[in-house]
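Below: one structure, written as structure tokens.
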Amino acid sequence: MAKRVANSTLNASTIDIMNVIRQNGSYEYQNAVPPVMQATDIPKVGEIIYGTPAFANQFINALVNRIATVAVQSATFNNPYSVLKKGYLQFGESIEEIFVNIARGMVFDPEKAASREYARSIPDIRSAFHVMNWRVMYPVTIQDEDLRQAFLSIDGVQNLISKIVESVYTAAEYDEYLLIKYLLIKAVSGGKIYKDVLTSPNPDMIASEFRAFSNKLTFMTKTYNEAGVRTVTPRDRQVIFMDAKFNALFDVAVLASAFNMDKADFFGRLFLIDDWTTFDNERFEEIRKNSDGLEEVTADELNKMIGTDAIILDENWFQVYDNNNKFTEKYSASGLYWNYFYHTWKTISYSPFSNAVLFTSQGSAPVTPSYNVSSVDKDKNGNTVINFADNYTELNPNGGTTFTFIQSDKLTRDLAAVQPYGSVIIPGELASSDYALTLEVADKNGKKYKSAETAISKLTPGTVVEFTAE
């Protein structure tokens with residue numbers, strides 16, 4: 001059975017660490033290496049350890065295997081993705097996930113009691129196997145000089161541990177991030193996740209869509225999982241992934257309310273992805289050459305991710321386990337350094353029985369933006385002010401503009417001003433010369449559209465200005 005490693009913090013001092021290693025050292029080590037009573041003893045005791053190769057080996061091995069390993073495991077098992085991981089598997093290479101569908105009811109009928117009494121009602125049982133598919137090691141080199149430096153300050157041993165831990169943990173954490181992203185890209189591009197097309201680019205409307213599906217997932221349904229089994233996802237099991245740019249559109253309070261959570265709880269359920277249309281294939285290139293556990297993320301799969309905005313999932317969708325985390329070591333006598341290899345083995349998979357919903361804006365934005373001229377006025381400085389009205393009120397019920405108006409370089413040179421919400425101010429001298437105006441707008445994904453060049457004398461109230469993609 002999978003288990004979680006308790007969160008722990010390395011708060012022991014260099015003195016404490018050196019004394020603990022001595023207490024657990026060999027008989028010869030304890031006799032030759034005195035205890036450290038105060039900070040000034042560290043260099044003197046360190047000189048004994050560093051000057052005797054056998055003691056140096058005992059010290060560095062205990063340091064890495066007893067202390068650095070605990071620190072790395074604690075960091076690994078309690079990182080931002082810990083809620084998605086199911087724990088540590090001590091034995092076995094595969095997991096059998098078993099799902100039992102709900103039982104069917106039948107009408108009570110005493111006349112059929114005799115035939116039903118010993119009839120077998122076999123439950124609908126489904127299973128999926130998740131196999132260990134990630135075996136990777138991260139090398140770390142500790143030189144004699146690193147050990148000597150550790151005994152020259154009161155924080156030296158802690159700094160050495162930090163150096164070891166940071167080297168492997170940063171690498172392991174980044175790879176784990178990529179593995180989570182890998183699972184999502186493969187599932188979405190393979191059509192394994194239910195798709196909901198967002199019909200409005202308005203953040204409030206999108207948040208309402210999130211709320212609707214968050215509510216739907218709490219009811220028994222077979223619509224939102226790959227296996228088509230009847231299941232539910234309570235809110236305390238719901239997690240949401242967004243790319244960084246899409247997430248910037250929302251206020252945290254709005255998103256938290258969409259999931260009926262307070263901000264603190266919601267932060268623990270929100271995971272950001274840099275973007276959905278890129279993947280660091282280079283990072284796993286060497287691993288793919290020597291293993292069949294991972295495939296390359298192809299350009300076609302990334303193209304299928306275009307328009308992906310967010311994904312709501314049951315946290316049980318992720319079947320991610322740690323199978324092994326261990327340091328092994330080898331001392332190089334000719335090079336005067338220790339080579340340590342941090343091994344981390346994982347099972348990276350997902351459950352076909354758990355709910356997941358993809359939200360995409362692909363194909364939802366109007367192909368040809370158009371705006372009505374709502375008013376043409378003169379301001380107190382004699383400038384002409386042209387205001388444009390949004391034609392997409394059904395997409396933007398709270399007002400504002402669906403597309404953002406852009407201040408172009410030409411308008412800037414002509415001293416004309418464009419407000420993002422659709423107000424254009426033309427200097428008086430240009431307005432009197434029947435200035436020809438070209439406007440640009442952009443959708444929420446940054447795609448730009450341009451209008452035809454039009455004399456401002458023709459932009460009377462009610463005139464429709466259409467934009468085409470650049």
**Study point:** Spin-label pair Phe129/Glu286, simplified geometry with 7 Å Cα→Cβ offset, distance in nm
**Key:** 3.1 nm
Exercise for review: Name the residue farthest towards the positive end of the dipole of the chain from the options Asn325, Val168, Ile49, assuming +1 on Cβ of Lys and Arg, -1 on Cβ of Asp and Glu, about the Cα centre.
Suggested key: Asn325
Exercise for review: Report the extension gain between Lys410 and Leu249 in nm, rounded to one decimal, defined as 0.36 nm multiplied by the number of residues separating them, less their alpha carbon distance.
Suggested key: 55.1 nm
Check your understanding: In nanometres, what is the gap between the two model label sites at Tyr27 and Ser82, each 7 Å from Cα along Cα-to-Cβ?
Key -> 4.2 nm
Study note, to complete from the structure: Total charge of the residues flanking Ser127 in space, meaning their Cβ is under 11 Å from its Cβ, with Lys and Arg +1 and Asp and Glu -1, is -1
Practice item. Read phi for every residue in the stretch 344-349 and hand back ³J(HN,Hα) as whole Hz from Karplus 6.51 cos²θ - 1.76 cosθ + 1.60, θ = phi - 60°, with x for Gly and Pro. Key: 9, 10, 9, 10, 10, 7
Check your understanding: By average Cβ neighbour count within 10 Å, what is the ranking of 303-312, 189-198, 284-293 from highest down?
Key -> 303-312, 189-198, 284-293
Exercise for review: Mind pulling up the Rg/Rh value for the stretch 284-333? Radius of gyration and Kirkwood radius, both on Cα.
Suggested key: 1.15
**Study point:** Between 0 and 90°, nearest 10: helix 42-51 axis offset from the chain longest Cα axis
**Key:** 70 degrees
Exercise for review: Could you pull out every residue, at least 5 positions away or on a different chain, whose amide H is within less than 5 Å of the one on Thr233? Hs are placed 1.01 Å off N in the peptide plane, and Pro or chain starts have none.
Suggested key: Thr218, Phe219
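For Ala436 and Thr328, calculate 0.36 nm times their separation in residues minus their Cα-Cα distance, and state this gained length in nm to one decimal.
Taking Ala436 through Thr328 to full extension adds about 31.5 nm, to one decimal.
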Check your understanding: Can you count the Lys pairs in the stretch 275-393 with C-alpha separation below 27 Å, eight or more apart or on different chains?
Key -> 6
Check your understanding: Expressed in nm to one decimal, what extension gain is obtained for the pair Glu173 and Arg116 from 0.36 nm per residue of sequence separation less their Cα-Cα distance?
Key -> 14.9 nm
Check your understanding: In nm, to one decimal, how far is the modelled label at Leu152 from the one at Ser457, with both set 7 Å along Cα→Cβ?
Key -> 8.3 nm
Check your understanding: What FRET efficiency comes out for the pair Asp300/Ser423, r = Cβ-Cβ distance, R0 = 41 Å, nearest 0.05?
Key -> 0.45
Point to revise | Principal-axis tilt of helix 14-23 within the chain, Cα atoms, nearest 10 degrees | key: 40 degrees
Exercise for review: Normalising by the residue count of the chain, find the relative contact order in percent from Cα pairs under 8 Å and 6+ residues apart.
Suggested key: 16 percent
Check your understanding: Sequence-distant or interchain residues sharing an amide H contact under 5 Å with Lys195, placed H: which?
Key -> Leu358
Revision key, fill the gap. If every Lys and Arg gets +1 and every Asp and Glu gets -1 at its Cβ, then about the Cα centre the stretch 139-226 yields a dipole, in debye to the nearest 20, of 700 debye
Review point. Which peptide among 320-326, 34-40 comes first, and what is the full order, when sorted by highest mean count of other Cβ atoms within 10 Å?
Key: 320-326, 34-40
Check your understanding: What accessible surface, in Å², does a 1.4 Å probe find on Thr402, ignoring ligands, DNA and RNA and rounding to the nearest 10?
Key -> 20 Å²
Check your understanding: Against the longest principal axis of the chain, how steep is helix 156-189, in degrees 0 to 90 to the nearest 10, with axes from Cα atoms?
Key -> 50 degrees
Check your understanding: Which translational diffusion coefficient, to the nearest whole µm²/s, is obtained for the stretch 12-52 from the Stokes-Einstein equation, given a Kirkwood hydrodynamic radius over C-alpha pairs, 10 °C and 1.306 mPa s?
Key -> 156 µm²/s
Point to revise | Lys pairs, the stretch 119-268 - Cα-Cα below 22 angstrom, 8 or more residues apart or on other chains | key: 13
Check your understanding: How big is the stretch 314-363 in terms of Cα radius of gyration and Dmax, in angstroms?
Key -> 20.6, 64
Check your understanding: Taking only the alpha-carbon atoms of the chain, what semi-axes of the equivalent ellipsoid follow from 5 times the gyration tensor eigenvalues under a square root, in whole Å, largest first?
Key -> 56, 38, 19
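Nearest 500 deg cm²/dmol is fine: what mean residue ellipticity at 222 nm does the chain get from its DSSP H runs of n ≥ 4 alone, each adding -39,500 (n - 2.57), divided by its residue count?
Calculated at 222 nm, the ellipticity per residue is -8000 deg cm²/dmol.
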**Study point:** Amide H contacts under 5 Å for His343, placed H, 5+ residues apart
**Key:** Tyr138, Lys326, Phe327, Thr328
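The values are calculated or read from the model by the stated rules, or taken from the named source; none is laboratory data. All of these numbers come straight from a predicted model, not from anything done at the bench. When we count neighbours, we look across all protein chains shown, and the Cβ atoms used for this are built from the backbone with ideal geometry, even at glycine. Please note that ligands, DNA and RNA were not included when accessible areas were found on the heavy atoms of the full protein model with its side chains. Shrake-Rupley method; radii C 1.70, N 1.55, O 1.52, S 1.80 Å.
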